[in-house]
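Notes follow the structure.
The values are calculated or read from the model by the stated rules, or taken from the named source; none is laboratory data. Here the structure is a predicted model, which means the values were calculated and not measured. So basically every Cβ, Gly included, is an ideal-geometry build from the backbone, and we count neighbours across all protein chains shown. Only protein heavy atoms, including side chains, enter the accessible area calculation; ligands, DNA and RNA are left aside. Shrake-Rupley method; radii C 1.70, N 1.55, O 1.52, S 1.80 Å.
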Amino acid sequence: MLPKNDHFRIARERMVEHQIVSRGVKDKRVIEAMKKVPRHLFVDEALHDQAYGDFPLPIGSGQTISQPYIVAVMTQELGLKGGEKVLEIGTGSGYQAAILCELARQVFSVERIPGLIQGARRVLDRLGYHNVMIKLDDGTWGWKEYAPYDAILVTAGSPVIPTPLLDQLKDPGVMVVPVGDEYSQVLTKVTKQNGKINSKYLEGVRFVKLIGDHGWRV
Ligand code: SAH
């Protein structure tokens, strides 16, 4: 039998080839980051063997860690080069934050459920990701103190694009956010350039609700 870590590394490489590269994700830095970050450590031990499957998984408190392919697509659309300051809304397990830590200079992540923050912080610390700050708050208000951000990633579905996030996006800057009703959303890429806002629709997705003053009320 293979040692556990080799087993997970091989599962991870297969995940990247079969679910991500084969579906057209091309950004080499995103591909490398997804090969590197040990996704299984971000889910409950009972789910370790499912962590590299082609589906979302429960992370407690009724929330989910996104399907690996969706993480790859959303991250690729941010076009990160390495020097950016990124804001993530919906820390959840911390997995997406770890991917962002690999690709940007500084990551700020906001989560509204205290229990999830503790778990995310523990695993991010254990893996040595020190370029991430996490706060407990309603992320539909963004994180004003460190604004503006080169890139913003919202990992929960919203009925509208929260205005504070648009305000906290740098010019030029890019934001990816799932927008729609509570059952299905469209992954929306919002760019700000020369004071103008542009929106482009990427693909259909299904996320848990973004709950807050500028998202869903409950
Ligand atoms: N990015 C996460 C997946 C997040 S699931 C990961 O990699 O695991 C969506 C998360 O958004 C949930 O944890 C949910 O609690 C959180 N969330 C929902 N509304 C929020 C809000 N207004 N502010 C911050 N977090 C929110």
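Can you put Ser22, Ser109 in order of accessible area, largest first, using a 1.4 Å probe?
Ser22, Ser109
Return a whole-number percent for the relative contact order of segment 54-205, with Cα pairs under 8 Å and 6 or more residues apart as the contact set.
18
Rounded to the nearest 0.05, what FRET efficiency do Asp181 and Glu32 have when you use their Cβ-Cβ distance and R0 = 35 Å?
0.50
Taking only the alpha carbons of segment 141-218, what extent do you get along each of the three principal axes, in Å, biggest first?
Projected onto the principal axes, the Cα atoms of segment 141-218 cover 34, 26, 15 Å.
First measure r as the distance between the Cβ atoms of Glu13 and Arg126, then evaluate 1/(1 + (r/R0)^6) with R0 = 22 Å and state the FRET efficiency to the nearest 0.05.
0.50
Treating each Cα of segment 107-191 as an identical point scatterer and ignoring solvent, apply the Debye formula and state log10 I(q)/I(0) at q = 0.14, 0.21 Å⁻¹.
Ignoring solvent entirely, the Cα scatterers give -0.53, -1.06.
Principal axis extents for segment 54-205, Cα atoms only, whole Å, descending order, please.
Projected onto its principal axes, the Cα set of segment 54-205 covers 41, 33, 26 Å.
Quick one: of the DSSP bridges fully inside segment 54-205, what percent are antiparallel, nearest 5?
Here the share of antiparallel DSSP bridges comes out near 50 percent.
When the Karplus curve 6.51 cos²θ - 1.76 cosθ + 1.60 is applied with θ = phi - 60°, which whole-Hz ³J(HN,Hα) does each residue of segment 99-104 get, with x for Gly and Pro?
Coupling constants for segment 99-104: 4, 5, 4, 5, 10, 10 Hz.
Mind listing the long-range amide H neighbours of Ile59? Cut-off is under 5 Å, sequence gap 5 or more, other chains count too, H placed in the peptide plane at 1.01 Å from N.
For Ile59, the qualifying residues are Thr64, Ile65.
Calculate the spin-label point distance for Arg217 paired with Leu47, positioning each point 7 Å from the Cα along the beta-carbon direction, and give it in nanometres.
Placing both labels 7 Å along Cα→Cβ, they lie 3.1 nm apart.
Using only the Cα atoms of segment 1-112, build the gyration tensor, take square roots of its eigenvalues as a ≥ b ≥ c, and label the shape rounded, prolate or oblate: rounded if a/c is under 1.5, else prolate if a/b is larger than b/c, else oblate.
Verdict is oblate for segment 1-112.
Which net charge results when you count Lys and Arg as +1 and Asp and Glu as -1 among the other residues whose beta-carbon is under 10 Å from that of Gln106?
Around Gln106, the charge tally is 0.
Between Ile152 and residues 5 or more places away or on another chain, which pairs have amide H atoms under 5 Å apart, with H built 1.01 Å from N, and which residues are they?
Leu87, Val174, Met175, Val176
Quick one: helix 68-78 against the long Cα principal axis of the chain, what's the angle to the nearest 10°, folded into 0 to 90?
It works out to around 40 degrees.
How much of the accessible area of segment 54-205, probe 1.4 Å, is carbon plus sulfur, in whole percent?
50
How much accessible area per residue does the chain have, counting only protein heavy atoms and a probe of 1.4 Å, in square angstrom?
I get 48 Å² per residue for this part.
Mind scanning Lys36/Lys81; Lys28/Lys209; Lys36/Lys144 and naming the pairs with a C-alpha gap bigger than 27 Å?
In this structure, Lys28/Lys209; Lys36/Lys144 lie more than 27 Å apart at Cα.
Sum -39500 (n - 2.57) across every DSSP H segment of at least 4 residues in the chain, then divide by the residue count to get the 222 nm mean residue ellipticity, nearest 500.
Computed mean residue ellipticity for the chain: -8000 deg cm²/dmol.
Please turn the phi angles of segment 90-98 into ³J(HN,Hα) values with the Karplus equation 6.51 cos²θ - 1.76 cosθ + 1.60 (θ = phi - 60°), one per residue in order, whole Hz, x for glycine and proline.
x, 4, x, 6, x, 5, 4, 4, 4
Taking amide H positions as placed 1.01 Å from N in the peptide plane, with prolines and chain starts having none, which residues 5 or more places from Val25, or on another chain, fall under 5 Å of its amide H?
Amide H neighbours of Val25, under 5 Å, 5+ apart: none.
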